[in-house]
1. Within segment 182-229, track down each residue that is in contact (Cβ under 8 Å) with a residue 12 or more places away in the chain, in a loop (DSSP other than H, G, I, E, B) and away from ligand 1 (no atom under 15 Å from the Cβ).
2. Quick one: what pairs do we get from segment 114-141, first residue on the phi > 0 side of the Ramachandran plot, second part of a helix (DSSP H, G or I) and surrounded by 22 or more Cβ atoms within 10 Å (Cβ to Cβ), C-beta under 7 Å, 6+ apart or different chains?
3. Return yes or no: is residue 205 modelled with pLDDT of 95 or more, buried (at least 17 other Cβ atoms within 10 Å of the Cβ), more than 16 Å from ligand 2 (Cβ to nearest atom) and on the phi < 0 side of the Ramachandran plot?
4. Note down all Cβ pairs under 9 Å where the first residue falls in segment 258-269 and is outside any helix (DSSP H, G or I), the second is surrounded by fewer than 13 Cβ atoms within 10 Å (Cβ to Cβ), and they're at least six residues apart or on different chains.
5. Looking at segment 1-52, what strands (runs of 3 or more DSSP E) fall wholly within it and have at least 1 residues that are surrounded by fewer than 20 Cβ atoms within 10 Å (Cβ to Cβ) and at pLDDT below 95?
6. Given (1) within 16 Å of ligand 2 (Cβ to nearest atom); (2) surrounded by fewer than 21 Cβ atoms within 10 Å (Cβ to Cβ), where does residue 198 come up short, assuming only one miss?
7. Scan segment 272-309 residue by residue and report those that are in a strand (DSSP E or B) and more than 15 Å from ligand 2 (Cβ to nearest atom).
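The values are calculated or read from the model by the stated rules, or taken from the named source; none is laboratory data. None of the values given here were measured: they were computed from a predicted structure. Glycine also receives a Cβ, built like all others from the backbone with ideal geometry; neighbour counts cover every protein chain displayed.
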Ligand SMILES: Nc1ncnc2c1ncn2[C@@H]1O[C@H](COP(=O)(O)OP(=O)(O)O)[C@@H](O)[C@H]1O
Ligand SMILES: [Mg+2]
């Protein structure tokens, strides 16, 4: 079978995507698959690399940065009946349903969440609405649209202050990797933070700041929803930003997180509910806040979380009894089954 592994991309998470792709390429079961690397440049060009049939062909993740502009990817070159696309893309233009939509139109099976789950998972306001509807505890927030802000800044600030207390967190609705997110402790900072968030989206949310531990649960499955043991991001810094997320080592994952059985059970139930609320398939990482008083809030979901062999998502599965290699294989099988189910064979999908 042919795997077309797509990575890189136009988002801020270009580099982490290459690292995730490299880890996956090292561990695919090559006795079943031939892999074609497909690199999306920062400018958005799709380039096709040499076929990989043996992990020793790759010496480092640098080998995945394809420079040859002569090898553009053509989708009609993908053999239809014996191929699957593995989008290893984080953030806008990949984790948000756009690439998934392209693959639906081309009728090519792919790994991971479909269009709807990818798009909702990427949008913080829409996913909150769905989580609330599913009975999950969300962080109190206030939505701001760009038109309101242009016309009535004072009203927006008053409304936010009436609903929420400082510190507040201001975020673009449709982003990732902490881009455009700022904490505000007073009115001036709030106004500045809203302006900054509008650089990235037309919809912004202002959230109540929560002093809490950050706990994550991995979900795997299609109709059968499986959850991992919870893990904790033990951080030195309060605000988990792009720098500490990817570039430095001051966030230490603790797996499993030290939690009571009750809290663990509730978190796993909530993670499964969140996955179903967005109509997830394949994989999702569900991120929670847990306060000192044992209050749980769902913060957000990531339909294609970091996937290097040291990332939280695969490590949660390792600790739940599923090795990295087998996790990759399971995701491929789930992608193929989802494709068949969508071809009108839902009741035969096993
Ligand atoms: N309401 C909040 N209260 C406290 N910290 C927050 C809040 N929202 C976000 N943060 C901090 O900012 C980080 C990034 O925010 P998040 O909503 O997860 O966005 P992203 O999609 O960029 O990961 C979180 O991991 C957390 O450390
Ligand atoms: Mg996050």
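1. Once the filter is applied, which keeps residues that are in contact (Cβ under 8 Å) with a residue 12 or more places away in the chain, in a loop (DSSP other than H, G, I, E, B) and away from ligand 1 (no atom under 15 Å from the Cβ), segment 182-229 yields 186, 198, 202, 222, 223, 228, 229.
2. Here the result reads none, with nothing in segment 114-141 linked to a residue that is part of a helix (DSSP H, G or I) and surrounded by 22 or more Cβ atoms within 10 Å (Cβ to Cβ).
3. So residue 205 does not fit the description; no.
4. 260/294
5. 46-48
6. It is condition (1) that residue 198 fails.
7. 282, 283, 296
For (1) over 29 Å from the mean Cα position of the chain (by Cα); (2) in the same structural domain as residue 291 (by TED's automatic domain parsing), each residue gets a yes or a no:
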position: 132; (1), (2): no, yes
position: 145; (1), (2): no, no
position: 148; (1), (2): yes, no
position: 154; (1), (2): yes, no
position: 161; (1), (2): yes, no
position: 180; (1), (2): no, no
position: 187; (1), (2): yes, no
